[in-house]
Amino acid sequence: MAINLDSGFEILYLSDLKYNEMTVEIQYKGQQVAQINKDKGFEKMEIDIYSEYVNLDFLSELKFPLSDFLEAINIASTALRDA
């Protein structure tokens with residue numbers, strides 16, 4: 001099942017073997033951007049962000065709690081709006 005947004009984003013439901021629970025993949029114009037999993041529970045969902053620009057000596061993906069990412073986006077957008 002997929003959810004297509006007018007913005008060019010698409011949400012795809014996946015059964016990735018790396019995770020015990022169902023995951024969703026976020027694509028932008030057909031390119032994979034991120035994958036969200038809830039293996040640690042609904043309140044501690046994690047997001048994997050995929051980028052070809054990340055230093056390969058570090059990692060090719062970043063992983064952190066979804067709630068932290070959403071909070072950072074919220075704070076950044078409020079700061080930008082108030083600037």
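At-a-glance table
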item	result
One residue from S51, S60 being touching a Ser or Thr at 6+ places or on another chain (Cβ under 9 Å), over 20 Å from F9 (Cβ atoms), loosely packed, with under 15 Cβ neighbours inside 10 Å and modelled with pLDDT under 75	S60
Extreme residue, surrounded by the fewest Cβ atoms within 10 Å (Cβ to Cβ), among residues of region 15-27 that are closer than 18 Å to M1 by Cβ and out of contact with any Leu (no Cβ under 9 Å at 6 or more places or on another chain)	S15
Total residues in region 23-45, condition assigned to a loop (DSSP other than H, G, I, E, B) and either closer than 15 Å to L66 by Cα or of a type in the set (S, T, Y) (or both)	5
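The values are calculated or read from the model by the stated rules, or taken from the named source; none is laboratory data. Being a predicted model, the structure only gives us computed values, none of them experimental. As a convention, Cβ positions derive from the backbone with ideal geometry for all residues, glycine included, and neighbour counts pool all protein chains shown.
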